[in-house]
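So the structure is just underneath, and the comments pick up after that.
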């Protein structure tokens with residue numbers, strides 16, 4: 001802020017900082033960056049100018065192009081989504097941005113950042129903030145601090161490294177329990193719909209379960225928050241008016257409240273909206289009546305988490321679901337001509353090679369096409385999971401004891417029951433049976 005005295009009158013001007021948000025996923029075509037969209041819409045509602053840069057497999061991107069963007073937009077803050085598989089890209093882009101303008105502050109957030117140890121700052125020289133809490137409210141605190149000229153004061157929901165190298169952690173920062181409190185990235189015009197092939201949407205956030213391999217429950221404190229059906233319908237109708245027909249619902253369990261799911265489907269039917277929907281939910285949260293309504297409303301694909309077809313392995317994962325229930329859900333979907341995808345993993349704790357083969361045979365037996373998301377993948381041990389916190393208790397041995405602090409164990413492990421070579425072998429079996437040679441959508 002600065003004051004200007006003109007003809008004996010004092011005026012107060014506020015220079016609102018520009019914020020650049022970058023989504024990096026070079027392994028797939030660029031898609032709707034829904035999480036960054038929410039952050040952008042919220043910051044815009046608070047008076048900040050925000051630009052989103054999605055970087056995908058099909059995105060023309062160059063160092064000179066980024067230099068031109070930084071020079072023209074002049075961001076004071078850059079926020080980047082961080083995932084295990086993209087950390088080296090994040091580090092490289094952060095370094096390039098700092099080489100263009102060392103005054104720009106850089107924050108990382110998302111799954112990799114939330115539970116990343118603060119010790120990682122020692123190996124992330126160009127990162128100023130690691131966001132731990134809800135992205136909208138945390139980035140707003142940072143943007144306001146930068147705008148006030150005190151970038152490391154009055155912060156919450158993050159860890160940061162000051163200009164003199166000091167690292168400190170701040171108190172948690174709660175986001176809104178009512179998701180309608182966040183402006184819509186669709187209704188507020190954050191996204192460029194002209195390039196949108198499908199709209200990724202959220203009707204809820206969070207998960208109350210305790211699966212030992214999943215980060216989501218801890219990140220959302222085992223709570224689920226919701227948008228109103230009115231808000232979701234308003235977004236769907238806006239999307240349809242823009243010519244986008246395919247909707248990708250990213251809720252972990254969209255039918256967590258069955259009555260709410262039915263209301264949404266009935267509203268879509270009542271509005272006679274011509275949409276094609278992909279969604280995911282737990283297999284024990286669907287019924288024949290719900291599946292019929294899904295088909296009528298336009299659900300073309302439904303994904304269930306199987307993880308393992310070995311009951312012995314399943315009961316130790318904290319998922320509390322049976323293979324019988326999964327098979328029943330698959331049958332219900334297929335009876336309505338709804339395509340089924342199954343999320344599975346191998347290299348699970350307590351899983352022997354024969355158990356992993358049993359999972360492959362289960363998928364084949366239930367006539368689920370092995371392609372897309374049904375291509376199995378090795379379990380990843382990420383920050384924030386019970387597995388990462390207690391991997392020794394699960395008899396998991398790291399293969400890389402010298403990994404940098406910003407990288408979790410990931411796939412670099414073997415278990416008490418399956419060697420690294422056996423894990424590679426089961427991966428080969430899945431690829432041999434894959435209809436698309438193991439390519440998949442990372443969702």
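Distance between the modelled labels on residue 100 and residue 364, one decimal in nanometres: 5.1 nm (7 Å Cα→Cβ projection). Footprinting exposure proxy ranking of 358, 266, fewest other C-beta atoms within 10 angstrom first, gives 266, 358. Our summary gives the chain a relative contact order of 12 percent, counting only alpha carbon pairs under 8 angstrom and 6 or more residues apart. The distance from the alpha carbon centre of the stretch 311-350 to that of the stretch 143-181 is 40 Å, rounded to a whole number. Once both labels are positioned 7 Å from their Cα atoms along Cα-to-Cβ, the gap between residue 163 and residue 123 label points is 2.8 nm. Judged by the gyration tensor of its Cα atoms, with axes a ≥ b ≥ c, the stretch 192-433 is prolate; a/c meets the 1.5 cut and a/b is the larger of a/b and b/c. Taking every DSSP beta bridge with both residues inside the chain, roughly what % is antiparallel (nearest 5)? DSSP beta bridges in the chain are roughly 30 percent antiparallel.
If R0 equals 41 Å, the separation of the Cβ atoms of residue 195 and residue 272 corresponds to a calculated FRET efficiency of about 0.95.
How would you order 169-176, 374-381, 21-28 from highest to lowest mean count of nearby Cβ atoms within 10 Å? Numbers along the way, then the final one.
Numbers: 169-176: 14.1, 374-381: 22.5, 21-28: 19.9.
Descending packing order for the listed peptides: 374-381, 21-28, 169-176.
Put the Cα centre of the stretch 256-283 next to the Cα centre of the stretch 391-407 and the gap is 41 Å.
Computing FRET efficiency as 1/(1 + (r/R0)^6) for residue 174 and residue 49, where r is the C-beta to C-beta distance and R0 is 30 Å, gives about 0.70. For the chain, the longest principal axis of the Cα atoms and the long axis of helix 229-241 meet at an angle of about 80 degrees. Counting beta carbons within 10 Å around each of 237, 293, 242 and listing the fewest first gives the order 242, 237, 293. Axis of helix 87-100 versus longest Cα principal axis of the chain: the two differ by about 10°, to the nearest ten degrees. With both labels modelled 7 Å from their Cα along Cα-to-Cβ, the residue 16 to residue 257 distance reads 3.2 nm. With respect to the chain, whose longest principal axis is taken over its alpha-carbon atoms, helix 353-365 is tilted by about 80°.
All of the numbers you see were taken from the coordinates with simple rules; none came from a lab. Since we're looking at a predicted model, the values are computed, not measured. Quick reminder, even Gly has a Cβ in these numbers, built from the backbone with ideal geometry, and neighbours come from all protein chains shown.
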